[in-house]
Amino acid sequence: MSRLTHSGLVRLADRLPSIERQILETVERLRLLRADQVRRLFFSEIESEAGGARLCRRALARLVDEGLLRRLERRVGGTRAGSNGHLYAATAPGKRLLAYWSGAGIASNRGAHEPGSAFASHTLAIADLYVSLVEAGRSGALELLDFETEPVCWRAYTTALGAQATLKPDALVRLAHGDYEYVSFVEIDCGTERRGALLRKAHAFLAYFRTGREQVETGVFPRVVWITSQTTRAQYLAAIFAGLPAEAQQLFAVGGTEEAIALLTGSERQLTSSGGAR
């Protein structure tokens, strides 16, 4: 497809259907989405799953044809995953269009790169959490108030030694459940980081907590919820964090993917070396 010109993007901005604009915005916000994640987010109300999948494929195909999304060469789940396993990312023109909608104007065009396997797996795990929370909200189990992704959720701070640092959680989640509101920094663990890297990240959260900055600005410090898909990995994380200062035992929570909503709604609080948080 030929490169979209400035005037072409403006015309496209005026005629793009609302649902496709929402898809583009969400793909860019989460950086990568699988086709089945897009279907669950935007076509769940279609009576049949097959019908929803068909409409989803059409919308994604139009966004790709318009040059706003690109379908990555890599697929998740192997060849049998079919179209549901395709990954989508915003193109440079797609990002320019989003900037135009936000009032920031249309920036110059830039090329896109193919993300590596580790990046894709981690990014899709974050997206899976978002999709699960949206679906839980639809069911009435909770209310998803906000889901900030990086770099919006990052926090700049000054260390005890006066150095400038940036805390980089994977997401910040705000939920309403019952009579309470819950705020959490989220770390999605894919089992690739070694003990030293995990401890450095944990100490960064503690250092930011000790500054008191978040508490002053928002009135509360978010719990730090570490989510992993492996039970043995959850046990490993909990054992590492059990050796941290006592304040970490209240600040951190660890659990598996299936426990994510319970962790984020405060159902489990205290770290244990046997895995998970209680």
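Within segment 120-145, which residues are free of Cβ contacts under 8 Å to residues at least 12 places away in the same chain and outside any loop (DSSP other than H, G, I, E, B)? Break it down stepwise before answering.
From segment 120-145, those free of Cβ contacts under 8 Å to residues at least 12 places away in the same chain are 137, 139-140; that's our starting set.
GLY137, SER139, listed by residue number.
From the residues in segment 207-239 that are of a type in the set (Gly, Ala, Ser) and part of a helix (DSSP H, G or I), which one is nearest to THR159 (Cα to Cα)?
Start the filter on segment 207-239 by keeping residues that are of a type in the set (Gly, Ala, Ser), which leaves 207, 212, 219, 229, 234, 238-239.
Narrowing the set further to residues that are part of a helix (DSSP H, G or I) leaves 207, 234, 238-239.
Working: ALA207: 7, ALA234: 29, ALA238: 25, ALA239: 26 Å.
It comes out as ALA207.
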If you go through segment 221-236, how many residues are of a type in the set (A, V, I, L, M, F, W, C) and at pLDDT below 95?
-> 1
Can you tell me which residue within segment 135-188, out of those that are surrounded by 18 or more Cβ atoms within 10 Å (Cβ to Cβ) and β-branched (Val, Ile, Thr), is farthest from HIS122 (Cα to Cα)?
-> VAL183
Return yes when LEU167 is at pLDDT 95 or above and in the same structural domain as ARG21 (by TED's automatic domain parsing) and no when it is not.
-> no
Say whether the condition of being in contact with a strand residue (DSSP E or B) (Cβ under 9 Å, 6 or more places away or on another chain), modelled with pLDDT of 80 or more, part of a helix (DSSP H, G or I) and not polar (S, T, N, Q) is met by at least one residue in segment 68-78.
-> no
Which of the residues that make up segment 15-55 are in contact with a Phe, Trp or Tyr (Cβ under 9 Å, 6 or more places away or on another chain), aliphatic (A, V, I, L, M) and part of a loop (DSSP other than H, G, I, E, B)?
-> LEU32
Restricting the search to segment 152-167, which residues are part of a loop (DSSP other than H, G, I, E, B) and without any contact (Cβ under 8 Å) to a residue 24 or more places away in the chain?
-> VAL152, TRP154, LEU161, GLY162, ALA163
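Is it the case, given these coordinates, that ALA197 is in contact with a strand residue (DSSP E or B) (Cβ under 8 Å, 6 or more places away or on another chain) and aliphatic (A, V, I, L, M)?
On the way: in contact with a strand residue (DSSP E or B) (Cβ under 8 Å, 6 or more places away or on another chain): no; aliphatic (A, V, I, L, M): yes.
When the stated conditions are applied, ALA197 does not pass them.
The values are calculated or read from the model by the stated rules, or taken from the named source; none is laboratory data. Not measured: the values here are computed from a predicted model. For neighbour counting, all protein chains shown are included, and Cβ atoms are generated from backbone atoms with ideal geometry for every residue, glycine included.
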